[in-house]
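**Q** Before I ask anything, let me first share the structure, which is written out below as structure tokens.
Only the coordinates and a few stated rules stand behind these numbers; no lab work does. Note that the structure is a prediction, hence the values are computed from the model and not measured. Reconstructed Cβ throughout: ideal geometry from the backbone, glycine too, with neighbour counts over all protein chains shown.
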Amino acid sequence: MEKGLETTGIPSMEELEKTPGFPSSKRLMEGPVAVIECLQEIPCDPCETACPLGAIEVGKPITNLPELDEDKCTGCGICIPLCPGLAIFVIDYTYSEDEALVTFPYEFLPLPEEDSLVNATDRSGRPLTKGRIVKVLARKQFDRTVVVSIAVLKKYAQRVRGIVLNRGKGE
Amino acid sequence: MLTTDVVVVGGGSAGLAAAIESSKAGAEVLLIDENARPGGQLFKQIHKFFGSRRHYAGIRGFEIGRRLLEEAHKNEVEIKLNTIIFGILGNKIGIVEDKTHAKWLKAKTIIFSCGASEKLISFPGWTLPGVMGAGAAQTIINLHRVLPGSRFLMIGSGNVGLVVSYQILQAGAEVVAIIEALPKIGGYGIHASKIRRAGVQIAVSHTIKEAYGKDKVEAVTIGALDKNMNLVPGSEKRFKVDVICLAVGLKPNIELPLMAGCETMFLANLGGQVPIHDENMETTVEGIYVAGDCAGIEEVSTAIESGRLAGIAVAEKLGYLTKNEAYDVKVNLREVLDELRGGPFGMQRKYAKQQLIRRAAHLKGV
Ligand SMILES: Cc1cc2nc3c(=O)[nH]c(=O)nc-3n(C[C@H](O)[C@H](O)[C@H](O)COP(=O)(O)OP(=O)(O)OC[C@H]3O[C@@H](n4cnc5c(N)ncnc54)[C@H](O)[C@@H]3O)c2cc1C
Ligand code: SF4
Ligand code: SF4
């Protein structure tokens, strides 16, 4: 089957690298930074004001793609729960010697527990590797979107985008 | 008989916005909705809305509804709930109050903001209990808090299919797959990506062949479609599901505008037959306006702005705003609407709206 966002719902690496919200590999290696996986020109802009440092710009018209100023971005992650598309992640390649930290939005119950080992999944929801939940951040101003950070081996950081939903199997 | 300045039919985002603007300008406004609470679509939407910040994007749907309602109260809009409008006769509006008392109201102007209905498709087995509209499933789950099943198949990959699938997962059930007859996903990539990350497959170029079950849905067969939309022999797959959700599009609720004599036009990109309206949202019948999904299926931000536009135009018509006062506001609202209808998804709607307005100009002989 054909690859890419329009036919599979999964953006390909080539598609991602072309978008203005995707940081350069140089910047990625330097420390935590936002990765904005928003590839289509839709009328949407909450990310622009979400960032306190002004590192995201949509501008006019509102259908512009969000553009990341990778030098301004500190990877603080505030924008993650404020994007209604759940399209923003933060990756920190400097987290430890061999691990990177991937931070993503999460809206399912029950929440994962900090320090637990879970199956980290890729953009298709398939388990890819084991990861350790480092932080589960639930804030009132996030309005029920929880921000989860997971440590995985560096080579998986650009593919891990979530965890296996933790729930009892229905009958 | 009471004659109100403006009767707004339907209290969703468009109706609330229209009522607020007319009332602000000084008109006497009565907003009528069949539900126990106003807000329309918004009250079952538990997801954060995409859109522009100006239009409450990033906020969950029900909260947008609450805010609009608060503004309507502040601006002294009279709201009549649990009231169905069953007919229009000239400037008379037939209503049924509290599901029992029928009576007539008179209005100088009417704004139809009565939203949209789900389209359906038929297939062998489609009358089995367990086959339902995605919007219906959403109402059952998010408003009545009942899960109608445990294994869902979603038909249609537009934003409604994608968003409702996500909410089914949040409610604790499984979505076995989302199937789409066209070779491309219909909704926004952001919605598709988040449902994929949660492990749900989206199969484009696939359709439903048959639903099976004794007293209710128990299984389904789907199959692949070729370029000419014919089923590829041998591609059928059968699996167990207990709910089949149809998210195959919405169509404007045009019954009341039709009764009022408004002319319509077929525009696929706006959901089907749409009341013809001019740049003031006025239909082909003087004094009757449309706004929101009823004037073509779009989004909340456009519903709000088109509602405002209709509200302002009505206030102007009734003499509560001078031509000059209304002019700047209307120009500004039209610019915002134009901007919202940009990008590859919005362009087609922009073009369709232009066709409507041209047609109205032609019919009105402007
Ligand atoms: C699942 C789903 C997800 C969506 N997600 C988004 C999103 O993320 N962002 C976005 O911008 N948009 C989204 N939308 C679209 C958005 O909800 C609609 O475009 C918008 O709500 C339309 O508003 P409206 O006021 O025109 O209609 P509605 O909200 O449908 O309101 C119409 C009202 O009129 C009432 N009514 C109708 N007929 C009568 C009658 N005869 N008598 C009395 N009352 C009547 C109805 O009961 C209803 O309350 C979504 C829609 C769906 C279905
Ligand atoms: S991670 Fe922080 S600094 Fe970077 S874009 Fe998001 S909010 Fe701004
Ligand atoms: S808020 Fe999220 S979905 Fe909306 S434009 Fe920004 S990144 Fe895209």
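**Q** Being facing chain A (nearest Cβ under 10 Å), under 23 Å from the mean Cα position of the chain (by Cα) and either outside any loop (DSSP other than H, G, I, E, B) or among the aromatic types (Phe, Trp, Tyr) (or both) narrows it down to one of B:Ile195, B:Ile179, B:Ile185, B:Ile141, so name that one.
**A** Details: B:Ile179 fails: facing chain A (nearest Cβ under 10 Å); B:Ile185 fails: either outside any loop (DSSP other than H, G, I, E, B) or among the aromatic types (Phe, Trp, Tyr) (or both); B:Ile141 fails: facing chain A (nearest Cβ under 10 Å).
Every option except B:Ile195 fails the conditions.
**Q** Out of (1) assigned to a loop (DSSP other than H, G, I, E, B); (2) surrounded by fewer than 24 Cβ atoms within 10 Å (Cβ to Cβ), what's the single condition that is false for B:Gly11?
**A** The failed condition is (2).
**Q** In addition: So, restricting to strands (runs of 3 or more DSSP E) that lie completely within the range B:58-120, which ones have at least 1 residues that are within 14 Å of chain A (Cβ to nearest Cβ) and within 16 Å of ligand 2 (Cβ to nearest atom)? Steps first, please.
**A** Details: elements: B:78-80, B:83-89, B:92-97, B:101-112, B:116-118.
Hits in the range B:58-120: none.
**Q** If a residue must be surrounded by fewer than 19 Cβ atoms within 10 Å (Cβ to Cβ), in contact (Cβ under 8 Å) with a residue 40 or more places away in the chain and either touching a Gly at 6+ places or on another chain (Cβ under 8 Å) or not polar (S, T, N, Q) (or both), how many such residues does the range B:58-79 contain?
**A** Matching residues across the range B:58-79 total 3.
**Q** With the checklist (1) surrounded by 22 or more Cβ atoms within 10 Å (Cβ to Cβ); (2) closer than 27 Å to B:Gly199 by Cβ in hand, flag the one item A:Leu109 doesn't pass.
**A** Single failed check for A:Leu109: (1).
**Q** Could you grab the pairs with beta carbons closer than 6 Å, sequence gap of 6+ or different chains, first residue in the range B:354-366 and in contact (Cβ under 8 Å) with a residue 40 or more places away in the chain and part of a helix (DSSP H, G or I), second one surrounded by 13 or more Cβ atoms within 10 Å (Cβ to Cβ) and among the polar types (S, T, N, Q)?
**A** Filtered contacts from the range B:354-366: B:Leu363/B:Thr284.
**Q** What is the residue count in the range A:59-80 for residues that are more than 30 Å from B:Glu335 (Cα to Cα) and either free of Cβ contacts under 8 Å to residues at least 60 places away in the same chain or within 16 Å of ligand 1 (Cβ to nearest atom) (or both)?
**A** 8
**Q** Oh, and also: For the range B:128-137, which positions are closer than 10 Å to B:Val164 by Cβ and over 14 Å from the mean Cα position of the chain (by Cα)?
**A** The one that is closer than 10 Å to B:Val164 by Cβ and over 14 Å from the mean Cα position of the chain (by Cα): B:Ala137.
**Q** Also: Show me the strands (runs of 3 or more DSSP E) found entirely inside the range A:79-149 where at least 3 residues are facing chain B (nearest Cβ under 9 Å).
**A** Details: elements: A:88-92, A:99-106, A:117-121, A:127-137.
Qualifying strands (runs of 3 or more DSSP E): none found.
**Q** Another one. Does the range A:41-59 hold any residues that are surrounded by fewer than 22 Cβ atoms within 10 Å (Cβ to Cβ), at the interface with chain B (Cβ under 7 Å from one of its Cβ atoms) and near ligand 3 (Cβ under 9 Å from one of its atoms), and which are they?
**A** Correct list: empty.
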